[in-house]
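Engineer: The structure is given below, and queries will be raised subsequently.
The values are calculated or read from the model by the stated rules, or taken from the named source; none is laboratory data. This structure is a prediction, so every number in the text was calculated from the model and none was measured. Note: ideal-geometry Cβ built from the backbone for every residue, glycine included; neighbour counts use all protein chains shown. Protein only, heavy atoms only, side chains kept; ligands, DNA and RNA dropped before computing areas. Shrake-Rupley method; radii C 1.70, N 1.55, O 1.52, S 1.80 Å.
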Amino acid sequence: MSLPIAVLISGGGSNLQALIDKVEDGTLDVDIRMVLSNRASAHGLERAKKHSIPTCTLSHKDFSSREEFDGEMVRVLKETGVEAIVLAGFMRIITPVFLGAFPGKIINIHPALLPSFAGAGGQADAAEYGVQISGCTVHFVDEKMDHGAIIIQAAVPATPGEEVQELAKRILQVEHRILPQATKWLAEGRLSVEGRFVKLAAAKVVSSSGSRFEANNDFICLINPPLEEGF
Ligand code: GRF
């Protein structure tokens, strides 16, 4: 049976789209039961509707505390029967109320190589710092922001002084590969966590290049664990 999941968004939803595409082409076996946004204007909601995925908008501004907001999200999501949550550009800090409802089943994509540049402006902070390499991280979510155990990371080249949009675009391309891959591992029950360490069961090295280095159009990235076929 496909793992029933919800995807939480706040904006454009290109990572959501990457998940939908992999579900539709048969690479990723999950059932996206709901897309929930805390912003009514999030373009990702349109993407979901186009693919007949139920949506829900809950504005955090309508609640007097983070806990109340999270409690309502849990209520709505539990009604759909979802068992796991993918945070794909969801710009809210979640509380133990939410964490406790889906223990060990919440993952997040962050546009930097954690633990560097946690927080809302990962790409801009890395660009301003002048890094030569940045990237993205998919991790389990815990009570601290951008902190939980790391599932997969991808490193991409940065050019000091370039526009942050250029770096962000490069990172996003790779986000669209590692988030569906990590979601697949979660859905297959192949991830186990011991403290800070995530172990991937039955790792198969079958990326197109046969190595951890991937050519991504005009740049090379290092992805670990390596992507499997289809990603
Ligand atoms: C991505 O960069 C993601 O890593 C970050 O927010 C952005 C969301 O982009 N958390 P999109 O809405 O998926 O296009």
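Engineer: So, with a 1.4 angstrom probe, what is the percent of accessible area on the chain that is carbon and sulfur?
Structural biologist: Values: 5650 of 10660 Å².
C and S fraction of accessible area: 53 percent.
Engineer: Calculate the spin-label point distance for residue 80 paired with residue 62, positioning each point 7 Å from the Cα along the beta-carbon direction, and give it in nanometres.
Structural biologist: 1.6
Engineer: Counting other Cβ atoms within 10 Å of each Cβ, which trypsin sites (Lys or Arg not before Pro) in segment 83-168 have at most 10 and sit in a DSSP loop?
Structural biologist: Here the sparse-neighbourhood loop sites are 144.
Engineer: With each run of n ≥ 4 DSSP H residues scored as -39500 (n - 2.57), what mean residue ellipticity at 222 nm is computed for the chain after dividing by its residue count and rounding to the nearest 500 deg cm²/dmol?
Structural biologist: Using -39500 (n - 2.57) per qualifying helix, the result is -9000 deg cm²/dmol.
Engineer: Using a simple spin-label model with points 7 Å from Cα along the Cα→Cβ vector, what separation in nm is obtained for residue 165 and residue 21?
Structural biologist: Taking the two extended label points, one gets 2.0 nm.
Engineer: If you place +1 on the Cβ of every Lys and Arg, -1 on the Cβ of every Asp and Glu, and leave all else neutral, what size is the dipole of the chain about its Cα centre, to the nearest 20 Debye?
Structural biologist: My answer is approximately 260 debye.
Engineer: Sticking with this one: Nearest 10 degrees, 0 to 90: what angle lies between the long axis of helix 164-187 and the longest principal axis of the chain (Cα atoms)?
Structural biologist: 60
Engineer: Still on this model: Taking the chain as a Gaussian network, where each spring joins two C-alpha atoms under 10 Å apart, which residue of 127, 202, 42 fluctuates the most?
Structural biologist: For the chain, modelled as a Gaussian network with Cα springs under 10 Å, the answer is 202.
Engineer: Please compute the per residue accessible area over the chain with all protein chains in place, 1.4 Å probe, rounded to a whole number of Å².
Structural biologist: Per-residue accessible area for the chain comes out at 46 Å².
Engineer: OK, next. Treating only the Cβ of Lys, Arg, Asp and Glu as charged (+1, +1, -1, -1), what charge dipole size does segment 1-103 show about its Cα centre? Round to the nearest 20 debye.
Structural biologist: Charge dipole, segment 1-103, about its Cα centre: 280 debye, nearest 20.
Engineer: Another question, if that's okay. Would segment 25-88 count as rounded, prolate or oblate if I go by the C-alpha gyration tensor, calling it rounded below 1.5 in a/c and otherwise prolate when a/b exceeds b/c, oblate otherwise?
Structural biologist: oblate
Engineer: Choose one of 26, 64, 53: the residue whose Cα lies farthest towards the positive end of the charge dipole of segment 1-103 (beta-carbon charges +1 Lys, Arg; -1 Asp, Glu; about the Cα centre).
Structural biologist: 64
Engineer: Give 61/199; 78/169; 22/199; 61/184 a once-over and call out the pairs whose C-alpha atoms are over 27 Å from each other. Don't skip to the answer; put the middle values down first.
Structural biologist: Details: 61/199 38 Å; 78/169 34 Å; 22/199 23 Å; 61/184 33 Å.
Those over the limit are 61/199; 78/169; 61/184.
Engineer: Of 73, 43, 89, whose Cα points farthest to the positive end of the dipole of segment 32-98 (charges on the beta-carbon: +1 Lys, Arg; -1 Asp, Glu; origin at the Cα centre)?
Structural biologist: 43
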